[in-house]
Every structure is written in structure tokens, then in C-alpha cells.
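A.B. asks: Could you have a look at this structure, given as C-alpha cells, before my questions?
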Amino acid sequence: MRPRTTNSSTRTFDVHRVSFESVGALAFVNEYSGFAVQPARYIAFAECKLARPGSPIYHCRRCRVKPRSDPRFTAHVGIDWADAKHDVCLQAADSEQREFDRFAHQVGSIDHWAKSLHQRFGGPIAVALELAKGPLVYALQKYDFFVLFPINPATLAKYREAFKPSGAKDDPTDAELALDLLLRHPERFPPLKPQSVAMRTLLSLIEQRRELVDDKTRVTNRLGNALKQYYPQALDWFEQRDTILFCDFLRRWPTLAAVKRARNAGLKAFFYAHNGRRPTLIDERIEAIRAATPLTDDMGVIAPYRLQVLVLVEQLRVTLQAIDRFDRQIATVAATLPDYALFSPLPGAGPHLAPRLLAAFGEQRERFRSADELQKYSGIAPVTERSGKKHWVHWRWQCPTFVRQTFVEWAAQTVNKSFWAGVYYRQQRAKGSSHQAAVRALAFKWIRILYRCWQARTPYDESTYLNALRQRGSPLLKPLHPTAQNA
């Protein structure tokens with residue numbers, strides 16, 4: 001093998017006389033070679049020196065397809081971010097040369113890099129990066145001369161794979177690919193437009209609350225597994241295990257032997273102190289405690305698991321208290337947003353799902369041009385693949401999972417709280433759909449309704465929608481008796 005500037009001794013072209021080979025790339029000639037990019041030379045953007053010339057991906061014999069530059073921007077920047085450093089590729093608006101740089105992920109380094117760019121180019125400056133939020137985005141948003149263009153990481157990965165089939169990857173190359181995508185397809189990447197402070201606060205709060213709920217589930221599962229090893233009766237006495245009542249009971253009586261030594265008056269006082277006002281349930285629990293038989297008497301099992309239960313109980317208690325604090329803060333912030341009145345009265349929404357629905361829609365009504373775009377963005381709309389005689393429909397693999405969870409969880413709550421939603425769900429189940437498929441289909445319909453209400457700033461009204469279904473002769477109302485339809 002011998003080093004060459006391309007992967008083959010002769011350049012290849014397609015039927016349109018377009019070559020897909022990289023210019024200036026160092027590689028070895030064999031049938032499995034990919035593209036290995038030369039190490040980039042890093043220079044400071046504040047200087048007027050130039051690194052290696054730009055190497056556009058598309059080439060022809062007689063002409064070269066140049067990236068389209070947006071005249072609004074004085075420069076275009078592509079950033080490949082990392083935890084400790086960020087690689088950068090820059091192209092000035094009046095130049096075809098590309099420069100490379102790197103700066104550390106430190107507040108001082110980011111500030112120095114941003115100010116040097118502003119001193120050299122002024123503004124505005126277009127920045128393409130694989131982030132819509134995160135520390136780097138938050139740091140760059142404070143500079144008004146930057147316009148950020150988020151690029152989906154999957155899009156950049158497929159773009160890299162298209163021209164580097166060997167799988168070669170390098171941070172400076174990824175920064176250049178991000179820049180190239182922004183220059184060649186500016187219409188594909190809308191600029192990042194931050195919402196109001198209250199809306200961004202709400203979005204962050206509900207996402208963090210969801211993480212705490214996942215922590216609660218994880219700790220509760222571990223606690224249940226530990227109790228099954230030596231004290232399974234406690235799981236039978238309490239249906240809900242993610243409560244302060246359950247935590248206090250286990251902290252006071254962490255073993256069966258300890259609770260058997262307790263007096264009936266003490267047990268009753270404990271339950272009454274925790275708002276247990278059902279004498280029948282209290283008596284049943286006390287009777288079950290007196291009749292319980294130990295699973296094991298081996299202290300080699302009981303002692304370590306008793307300690308683990310006490311530790312997990314404290315973790316669960318702290319998590320439950322944190323969730324309550326987040327709930328109060330979410331309620332306070334959501335009430336300040338004008339669109340909250342559109343979502344709070346929705347059937348099945350409640351204090352937890354209504355803020356999540358509000359955050360899913362946001363306050364920028366130009367963000368989604370139709371309900372179809374929102375259905376696809378949220379992952380509720382299915383994906384159709386066709387190839388020859390094959391036809392395959394599946395759900396979306398790339399979507400904001402939390403947004404999809406929001407719509408699916410809320411749609412499930414509306415089955416027994418909205419008349420038409422319950423009828424539609426049962427129809428889907430009668431057709432053979434699983435519960436999850438039926439709920440997703442219901443969420444698909446709900447998004448169309450909510451989108452219309454959101455755009456018109458009109459709260460949803462069940463009777464108005466049922467009248468509209470009746471006027472259209474919807475099959476949802478056909479199973480009903482005519483008298484019931486008129487009612």
C-alpha cells in the first residue's frame with residue numbers, strides 16, 4: 001500500500017459527473033479503505049492566518065459546487081462539542097477558506113473565544129452544533145451576536161457515514177461536517193429561538209421531576225426486593241409502597257419480630273397519626289401482624305437486609321419530599337403562563353400532566369405549522385417504509401421520549417374521563433389493537449384537537465366536540481341510540 005490523496009488511483013464519477021471522493025485526505029489504497037482526514041492545524045480566530053483550504057465534498061471536472069452562504073451572517077461556525085474541549089471549524093462569509101480551532105470547556109476560554117470572534121467579524125455569526133440545550137448552549141446564548149442552529153446528532157452521523165463508509169471519525173472533521181450541513185442546507189435547520197424564562201423554567205422543572213419519579217420507582221423496587229428476602233409480610237399490608245406511611249412504618253418496625261412486639265394501641269396510634277381513619281383496615285392489618293409467621297430466623301440474612309431496608313427507606317423519603325417540592329414549584333410557575341388555562345381543564349390532565357402538556361406545545365405557535373408536524377415530532381405518528389413490494393409501518397425510533405410519554409400517559413387517563421375517547425379506545429381494542437397501540441392511536445387524535453385549540457387559544461369543550469362529531473356523522477357515535485346522540 002502507498003499513501004495517496006484519494007482512495008483510488010483514478011477518480012470515479014457518477015452519471016452526473018459528480019465525484020464523491022475527498023480532496024486532500026490521506027489514505028491507503030485498498031478495497032476496504034475509508035477516508036482518514038489529516039490532523040487539522042489549530043489557530044486562533046482572532047488572527048488573520050488561514051488553515052488548510054476548504055475541501056467541499058462535491059466535485060466536478062469543470063466546476064465546483066460551492067456551499068451557499070447566508071448573506072445575513074458575517075461568518076459560519078461548526079462546533080463539535082465534548083466534555084472538556086470543543087473543536088471548531090470556521091468559514092468567513094467572503095471566503096472559501098476554512099479555519100480550525102479548539103477551546104477548553106471553561107468559562108474563561110469560552111468567553112475569550114466568543115469575544116475574539118466578535119472583534120474580528122462583528123455579527124451576526126451562525127453557529128451549528130449538535131445541541132439544543134446544555135452547558136455550551138447556555139454559555140453561547142448570552143452573546144447576542146451568535147445565532148445557534150441545532151443539528152440532530154443522527155443527521156450528522158448519517159452525513160459522515162455517507163462520505164466516510166469506513167467509519168473513520170475525528171472531532172475536527174465533525175465540526176467541518178456540521179459547518180458544511182449548515183452552509184449547504186440552511187433551510188433544513190431553523191435557528192434556536194429560546195422561549196420565555198417562565199416556559200424554560202417549567203420545562204426544566206418537569207423534566208427534573210420526571211427523573212425524580214424514576215428514582216422513586218428504582219428505590220421502591222429495590223426496597224421491595226430487600227423485604228422479600230426476610231420480611232415479605234410488609235408488602236402485603238400496604239398496597240402503596242411509595243408513601244411516607246410505608247417509610248415511617250419500616251423505620252419504626254424494620255423486622256417482623258419488632259412489629260410483633262408492638263402493642264395494639266401503639267399500632268392504632270401510628271395509623272391514626274398518618275391519617276388512617278378506616279378502623280376496618282387498621283384491624284385487618286393488626287390481625288395480619290399477629291398471625292404472621294417469619295420467613296426465616298437466620299440473622300445472617302435478616303441483619304444485612306434490615307440495614308439495607310433502613311437505608312433505602314431514607315432514600316425514598318428524601319425522594320418523595322423532593323417530588324413534593326417540585327410539584328409546588330411547578331404549580332407556581334405554570335400558573336404564571338397564559339396558555340396554562342388551555343390545558344389545566346383538560347380531562348385527565350390534573351396538576352401533573354397539564355404542565356407537561358403545556359411544555360410539550362410551548363408558547364411559539366409558529367414552531368409547528370400543522371398538527372401533523374407535532375404528531376411526527378412527538379413520535380406519536382407512525383412511520384411507513386416502502387421498498388418494492390414490501391410495506392412496513394412502525395413507530396418512530398427517533399423522537400423526544402419525554403414528550404411522547406406525556407401524550408401517551410395523558411391519553412390513557414382520558415379513556416374513562418372523556419366520552420368519545422373511551423368509545424374510540426374500545427373500538428381500537430375491538431379491532432385487535434393492544435392497549436399501548438390503542439392509547440397511541442387515541443393520542444394521535446387528541447393532538448389534532450389540542451393543536452386546533454392551542455392555535456385558536458380556545459379551551460377544549462367536550463360538548464362542542466361531540467356536537468361536531470354528530471354533525472359529521474362520525475362512526476364514534478353510531479353505536480349509540482339516536483336519542484342518546486341527540487342528547
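A.B. asks: Give the residue, chosen from GLN485, GLN398, that is in a helix (DSSP H, G or I), modelled with pLDDT under 90 and either open to solvent by 90 Å² or more (accessible area, probe 1.4 Å) or of a type outside the set (A, V, I, L, M) (or both).
C.D. replies: The conditions single out GLN485.
A.B. asks: Among the residues of the stretch 123-138, write down those that are crowded, with 19+ Cβ neighbours inside 10 Å and farther than 15 Å from LEU90 by Cβ.
C.D. replies: Residues satisfying the conditions are GLU130, LEU136.
A.B. asks: For the stretch 368-380, how many residues meet the condition of being under 17 Å from the mean Cα position of the chain (by Cα) and in contact (Cβ under 8 Å) with a residue 24 or more places away in the chain?
C.D. replies: Of the residues in the stretch 368-380, 6 are under 17 Å from the mean Cα position of the chain (by Cα) and in contact (Cβ under 8 Å) with a residue 24 or more places away in the chain.
Listed here are the residues, each with its yes/no results for (1) hydroxyl-bearing (Ser, Thr, Tyr); (2) more than 33 Å from the chain's Cα centre (by Cα).
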site	(1), (2)
LEU181	no, no
PRO232	no, yes
PHE249	no, yes
TRP253	no, yes
LYS268	no, yes
TYR272	yes, yes
PRO279	no, yes
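A.B. asks: Any residue at all in the stretch 420-440 that is closer than 17 Å to TYR377 by Cα and open to solvent by less than 40 Å² (accessible area, probe 1.4 Å)?
C.D. replies: Taking every residue of the stretch 420-440 in turn, none turns out to be closer than 17 Å to TYR377 by Cα and open to solvent by less than 40 Å² (accessible area, probe 1.4 Å).
A.B. asks: With respect to the numbered conditions (1) modelled with pLDDT of 95 or more; (2) in contact with a Gly (Cβ under 8 Å, 6 or more places away or on another chain), which one is the sole condition not fulfilled by LEU212?
C.D. replies: (2)
A.B. asks: Given ILE282, ILE380, ILE323, ILE330, which one is at pLDDT below 95 and in contact with a Leu (Cβ under 8 Å, 6 or more places away or on another chain)?
C.D. replies: None of the other options fit; the residue is ILE282.
A.B. asks: Let me ask another. Report yes if LEU156 is among the hydrophobic types (A, V, I, L, M, F, W, C) and more than 30 Å from THR332 (Cα to Cα), otherwise no.
C.D. replies: Spelling it out, LEU156 is indeed among the hydrophobic types (A, V, I, L, M, F, W, C) and more than 30 Å from THR332 (Cα to Cα).
A.B. asks: What about ARG328, is it open to solvent by 80 Å² or more (accessible area, probe 1.4 Å), out of contact with any Pro (no Cβ under 9 Å at 6 or more places or on another chain), closer than 30 Å to TRP446 by Cβ and among the basic types (Lys, Arg)?
C.D. replies: So ARG328 fits the description; yes.
A.B. asks: Residues of the stretch 404-421 being of a type outside the set (A, V, I, L, M), closer than 18 Å to PRO345 by Cα and part of a helix (DSSP H, G or I), which ones?
C.D. replies: THR406, PHE407, GLU409, TRP410, GLN413, PHE419, TRP420
A.B. asks: Sticking with this structure for a sec: Return the residues of the stretch 434-475 that are over 22 Å from ASP372 (Cα atoms), part of a loop (DSSP other than H, G, I, E, B) and polar (S, T, N, Q); say none if nothing qualifies.
C.D. replies: Scanning the stretch 434-475 gives a single hit, SER434.
A.B. asks: Exactly one condition in (1) at negative phi; (2) touching a residue at least 60 places away in the same chain (Cβ under 8 Å); (3) not aromatic (Phe, Trp, Tyr) is not met by ARG457; state its number.
C.D. replies: If we test ARG457 against (1) at negative phi; (2) touching a residue at least 60 places away in the same chain (Cβ under 8 Å); (3) not aromatic (Phe, Trp, Tyr), just (1) comes out false.
A.B. asks: Going through the stretch 331-353 one residue at a time, which ones are open to solvent by less than 40 Å² (accessible area, probe 1.4 Å), assigned to a helix (DSSP H, G or I) and either farther than 21 Å from LYS417 by Cβ or in contact with a helix residue (DSSP H, G or I) (Cβ under 7 Å, 6 or more places away or on another chain) (or both)?
C.D. replies: If the condition is that a residue be open to solvent by less than 40 Å² (accessible area, probe 1.4 Å), assigned to a helix (DSSP H, G or I) and either farther than 21 Å from LYS417 by Cβ or in contact with a helix residue (DSSP H, G or I) (Cβ under 7 Å, 6 or more places away or on another chain) (or both), then VAL333, ALA334, LEU342, PHE343, LEU353 are the ones that fit.
A.B. asks: Please find, among ARG98, ARG120, the residue that is over 30 Å from THR201 (Cα atoms) and either open to solvent by 20 Å² or more (accessible area, probe 1.4 Å) or assigned to a loop (DSSP other than H, G, I, E, B) (or both).
C.D. replies: Testing whether each residue is over 30 Å from THR201 (Cα atoms) and either open to solvent by 20 Å² or more (accessible area, probe 1.4 Å) or assigned to a loop (DSSP other than H, G, I, E, B) (or both) leaves just ARG120.
A.B. asks: Would you say ARG277 is open to solvent by 80 Å² or more (accessible area, probe 1.4 Å), of a type in the set (Lys, Arg) and in a loop (DSSP other than H, G, I, E, B)?
C.D. replies: It is true that ARG277 is open to solvent by 80 Å² or more (accessible area, probe 1.4 Å), of a type in the set (Lys, Arg) and in a loop (DSSP other than H, G, I, E, B).
The values are calculated or read from the model by the stated rules, or taken from the named source; none is laboratory data. Note that the coordinates shown come from a computational prediction; the quantities given were computed from them, not determined experimentally. Reconstructed Cβ throughout: ideal geometry from the backbone, glycine too, with neighbour counts over all protein chains shown. These accessible areas exclude ligands, DNA and RNA; they are computed on the full protein's heavy atoms, side chains included. Shrake-Rupley method; radii C 1.70, N 1.55, O 1.52, S 1.80 Å.
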